[in-house]
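Every number here is computed from the coordinates shown, using simple stated rules; none is lab data. Because the structure is a prediction, the values reported are computed rather than measured. Note: ideal-geometry Cβ built from the backbone for every residue, glycine included; neighbour counts use all protein chains shown.
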Amino acid sequence: MNVLFVSSECYPLAKTGGLADVVGALPLALAAQGVEARVLLPRYPGTLELLHDTAVVARLPRRFGGEGTLIVGTTDDGLRVVLVDLPHLFDRPGGLYVDGAGRDWADNDLRFGALSWVAAAIATGEIDIGWRADVVHLHDWQAALTAAYLHYGTRPAPPSLLTIHNLAFQGVFDASSCAALDLPPAAMGDDGIEFWGRLSFLKAGVKWCTHLSTVSPTYAQEILTVANGMGFDGLLRERSSSLTGIVNGIDTTVWNPAADAFLVAPYVRYSTRRLDAKAANKAALQAELGLHVAPEVPLFCVVSRLTSQKGIDLLVEAIPHVLWRGAQFAVLGTGERELEDAVRRLAEAHPGQVVTRIGYDEALSHRLQAGADAIVVPSRFEPCGLTQLYGLRYGTLPVVARVGGLADTVIDANEAAMKDGVATGFQFTPVDTEQLGLALGRACDLFWDPPAWRRVQKRAMGRDVGWDAAAAKYMALYERIVTASPRAAQ
Ligand code: ADP
């Protein structure tokens, strides 16, 4: 089974978020299922340098304002990549989507339109790279226009799968983009990809991909509702029989408390068999962050973008509910200015008990997972979420809003789950300050019952959070859409 992944991000080549992790890891996990994958990715500055065995395999015609080539190569992990080398679109300093000042690149429509056009041309064989895909797997809006080029094109194409990693990002551009993208005028008509007078790349994928998936079963249900469908719920409901939710895995080599490269003295590595060692990490973390070094109080951490999606405003209001019990909080993140300020103010008001680090710090995020007792994820919506999965693996019990992937990956420590021995953390619903405060209180209660806490920690650490289960589900999906495709019947 040959699968062409199409994405604007792929770890370790280009990353701004969880999308890159999925696209970097899933093809490797799929190899064990017999899938031969190629990842189609723009050539950004520095990308080519991370590949070996590179070769130019095709020239790209002059389109979207310039010409270029396709370059194949392989990462150190063995991931096979095809780079879309269009220097006028992708070879520039700044971010993947924004310039140095944080503004969206003005030609993002052309940039990701070009990526999508190339994907469609490879899929149909119009561009020959010496390899044909049985399935085209599109990721998020940046790749979704591929479905429009396949739809309006005349050549037969393999079946396609669109994975929506976050419905909030929809690739919406002015109607004038339609012509610049070489789409027929019909694309802006009733049967096209018009979206409130503009056009949406994501809509092309949602309408015309053979199948749709998103990154957890609960999120797959939530996006069918007016409240969470972000304007796409009607269209998604029409396609609900072709929508599947598959929970992401995590990289269990990088995120392994027994071999974590970021855990250097005074931090120590640990496992379920050496769980006592986690206490040393807590003391080290408290000392490093300027918290009171106190083993007897629960230490909650947060590693998150500081945005309203992530419920950080709720957190700021809920923390005081448990401060009187001695609980400590360590918040690492960056994001919206008001939320950063609110977290800072809370830390200033409670020195030694609440601490914040504003910024992006990969190493500290590992030390927090290793040293804290619990991790709080109070998101208003969460397609999958990764930090709660790291928390499970590190015995750092997740306290999560019952939404999206958080609902699917954490089992609440209610009475029945404790009796059945299946609890792995704490959930709260509805997502408001009061319920978050109560959940933090329940976590404190369990923390002060050390044998029970330890049982839940061990169970959490035993959960399978790697990629194998997800890879098997994607494989089943590929087989299903290939078998059902008209080509298979030929
Ligand atoms: P999202 O992709 O919506 O931001 P996820 O939970 O899916 O949320 O993924 C967030 C990832 O980014 C996790 O790997 C998390 O550890 C990491 N992360 C978020 N903020 C920071 C930060 N300030 N420093 C280090 N890592 C962070």
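Mind listing the long-range amide H neighbours of PHE428? Cut-off is under 5 Å, sequence gap 5 or more, other chains count too, H placed in the peptide plane at 1.01 Å from N.
Correct list: VAL400, ALA401, ARG402.
For segment 241-327, rounded, prolate or oblate, judged on the Cα gyration tensor with a ≥ b ≥ c (square roots of eigenvalues), a/c < 1.5 rounded, else prolate if a/b > b/c?
oblate
Once amide H atoms are built 1.01 Å from N in the peptide plane, which residues 5 or more positions from LEU306, or in another chain, come under 5 Å H to H?
Here the answer is THR334, GLY335, GLU336, since their amide H atoms fall under 5 Å of that of LEU306.
Using +1 on the beta carbon of Lys and Arg, -1 on that of Asp and Glu, and nothing else charged, what's the dipole of the chain about the Cα centre, debye to 20?
Working: 43 positive and 53 negative charges, 167 e Å.
Rounded to the nearest 20 debye, it is 800 debye.
If you put +1 on each Lys and Arg Cβ and -1 on each Asp and Glu Cβ, how big is the dipole of segment 86-155 around its Cα centre, in Debye rounded to 20?
Once rounded to the nearest 20, the dipole reads 60 debye.
What are the residues whose amide H is under 5 Å from the amide H of SER213, where those residues sit 5 or more places off or on another chain and H is modelled from the backbone?
LEU162, THR163, ILE164, THR244
Could you please state, rounded to a whole Å, how far the C-alpha centre of segment 39-72 is from the C-alpha centre of segment 302-367?
41
So, by mean Cβ neighbours within 10 angstrom, what's the order for 102-112, 230-240 with the highest one leading?
Working: 102-112: 17.2, 230-240: 15.5.
Sorting 102-112, 230-240 by mean packing, highest first, produces 102-112, 230-240.
What's the magnitude of the charge dipole for segment 328-449 around its Cα centre, counting Lys and Arg as +1 and Asp and Glu as -1 at the beta-carbon? Answer in Debye, nearest 20.
Dipole magnitude for segment 328-449 comes out near 200 debye.
Can you figure out the FRET efficiency of ALA363 with ALA186, using R₀ = 60 Å and their beta-carbon distance, to the nearest 0.05?
The computed FRET efficiency comes out at 0.70.
Ranked highest first by the average count of other Cβ atoms within 10 Å around their residues, in what order do 440-450, 164-174 fall?
Highest-to-lowest ranking by the protection proxy: 164-174, 440-450.
Show that you can apply the helix-only estimate: for the chain, add -39,500 (n - 2.57) for every DSSP H stretch of four or more residues, divide by all residues, and state [θ] at 222 nm to the nearest 500.
Details: 21 runs with 185 residues, N = 490.
When only DSSP H runs of four or more count, the value is -10500 deg cm²/dmol.
Please name whichever of LEU19, ALA32, ILE71 sits farthest to the positive end of the charge dipole of segment 14-75, dipole taken about the Cα centre and charges placed at Cβ: Lys and Arg +1, Asp and Glu -1.
ILE71
Using Cβ contacts closer than 10 Å as the measure, can you line up HIS350, HIS151 from fewest to most?
HIS350, HIS151
State the answer as a single residue: which of VAL400, TYR390, LEU438 lies farthest towards the positive end of the charge dipole of segment 389-490, with beta carbon charges of +1 for Lys and Arg and -1 for Asp and Glu, about the Cα centre.
The residue sitting most towards the positive pole is TYR390.
For segment 51-108, rounded, prolate or oblate, judged on the Cα gyration tensor with a ≥ b ≥ c (square roots of eigenvalues), a/c < 1.5 rounded, else prolate if a/b > b/c?
oblate
Sort 404-416, 135-147 by packing, meaning the average of other beta carbons within 10 Å per residue, with the highest value first.
Ranking, from highest mean packing down: 135-147, 404-416.
Please work out how much length the chain gains when fully extended from THR483 to ALA416, using 0.36 nm per residue of separation minus the C-alpha to C-alpha distance, in nm with one decimal. If you can, show how the numbers build up before the last one.
Numbers: separation 67, 0.36 × 67 = 24.12 nm, distance 4.24 nm.
The THR483-ALA416 span can extend by a further 19.9 nm.
Using a Förster distance of 35 angstrom, determine the FRET efficiency expected from the C-beta separation of VAL264 and GLU336, and round it to 0.05.
Efficiency computed from Cβ-Cβ geometry: 0.60.
ALA287 to TRP131: FRET efficiency via 1/(1 + (r/R0)^6), r the Cβ-Cβ distance, R0 56 Å, to the nearest 0.05?
Details: r = 54 Å, r/R0 = 0.96.
It comes out at approximately 0.55.
Have a look at GLY371, THR124, SER160 and report the one farthest towards the positive end of the charge dipole of the chain, computed about the Cα centre with Cβ charges (Lys/Arg +1, Asp/Glu -1).
After comparing all options, I get GLY371.
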